[in-house]
Amino acid sequence: MYRCLEDIEFIIFDLDGVFYREDEKIDGTKEIIDFLDKKNIDYCFFTNNSNYKTDRYKNKLLKGGVDVSEDKIFTTTKLIQHYLEENCPKDIYVLGSDQLKNTLYKKYEKNSTNPDFIVIGMDSYITLKDISNTINLIGENTKIIAANPDRLIPLKDRFELECGIINSIISEFTNKEITIIGKPNSYGYETILKKFNKEKEKTMMIGDTYDTDVLGAINSKINPAWIKTGNKLPKYVVKKDFMIFDSLIDLKEKLEEAKR
Ligand SMILES: [Mg+2]
């Protein structure tokens, strides 16, 4: 399982649960990045979140001593922009955070009656009325894309509902297919690999959420790895056909050994 570490040239890291936990620091962040830089192993970061701009993640990483260019940080907002560029909609309607709306309406015309594309993201202020209004806009030819399928985000002592809940309501009442842009779908991974010009066999994805990070890597034929510093593995995961690291320090030590 760990034999592939020898050939790894590119690592895609999840963020929350890997480089920080909400606002808490996680050990080994600077050490692993310094090591990868020294060994010329390239890397980037990929979060399913569509609420914030990349500068927020840059600053969160900086608090852990990691200084990276925003070009290395992929949010689902960035990937949705990429998807829309490829699909050239005439106009769109966005149900999501102000950040997502502002970013997309800067480039695409807003249509509140019969949009080409509906884009779904998450925002804690979305109301049932907002969801009903969105459902009423969906016609026969409307395409629907969503940032991610996560149904909830576990926090330290509670959880918050996420985009997947809105996707479920919308697909239940429209019977329409929703294209998911984030993990575990391959779109984000494929886009990142193309941008960095990397091969799947020499790429590893490391994350703390099995259903998105690990399954996404498996779906995309990228070497999958789960790290113990965030979410627990769901009970239904019996066959552990992915690498497991205790921490970023453990990852560094295993890579060091493999690259010796
Ligand atoms: Mg995570």
Take the residues of segment 197-210 that are in contact (Cβ under 8 Å) with a residue 24 or more places away in the chain and over 18 Å from residue 21 (Cβ atoms): which is nearest to the ligand (Cβ to nearest atom)? 205
Report, by residue number, each residue of segment 38-55 that is open to solvent by 80 Å² or more (accessible area, probe 1.4 Å) and at negative phi. 38, 39, 52, 53
Residues to consider are 129, 78, 101, 106; find the one that is without any contact (Cβ under 8 Å) to a residue 24 or more places away in the chain, open to solvent by less than 90 Å² (accessible area, probe 1.4 Å), not hydrophobic (A, V, I, L, M, F, W, C) and not in a loop (DSSP other than H, G, I, E, B). 101
For residue 134, are the conditions met, namely being part of a loop (DSSP other than H, G, I, E, B) and more than 27 Å from residue 192 (Cβ to Cβ)? no
Is it true that some residue in segment 101-121 is at pLDDT below 95, among the acidic types (Asp, Glu) and assigned by TED's automatic domain parsing to the domain that holds residue 162? no
Among residues of segment 45-65 being assigned to a loop (DSSP other than H, G, I, E, B) and away from the ligand (no atom under 16 Å from the Cβ), the residue nearest to the chain's Cα centre (by Cα) is 53
Of all residues in segment 17-44 being assigned to a strand (DSSP E or B) and in contact with a strand residue (DSSP E or B) (Cβ under 8 Å, 6 or more places away or on another chain), the one that is farthest from the ligand (Cβ to nearest atom): 42
Report the residue count in segment 81-98 for those that are polar (S, T, N, Q) and either in contact with a helix residue (DSSP H, G or I) (Cβ under 8 Å, 6 or more places away or on another chain) or in a loop (DSSP other than H, G, I, E, B) (or both). 2
Give me the pairs, please: first residue somewhere in segment 11-32 and open to solvent by less than 60 Å² (accessible area, probe 1.4 Å), second residue anywhere and of a type in the set (Gly, Ala, Ser) and within 9 Å of the ligand (Cβ to nearest atom), beta-carbon distance under 6 Å, and either six or more positions apart or on two chains. 14/207; 17/230
Tell me yes or no: at least one residue of segment 137-147 is within 23 Å of residue 209 (Cα to Cα), part of a loop (DSSP other than H, G, I, E, B), open to solvent by 40 Å² or more (accessible area, probe 1.4 Å) and in contact with a Gly (Cβ under 6 Å, 6 or more places away or on another chain). no
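The values are calculated or read from the model by the stated rules, or taken from the named source; none is laboratory data. Source: prediction; values computed, not measured. In this analysis, Cβ positions are derived from the backbone assuming ideal geometry, glycine residues included, and neighbour counts consider all displayed protein chains. These accessible areas exclude ligands, DNA and RNA; they are computed on the full protein's heavy atoms, side chains included. Shrake-Rupley method; radii C 1.70, N 1.55, O 1.52, S 1.80 Å.
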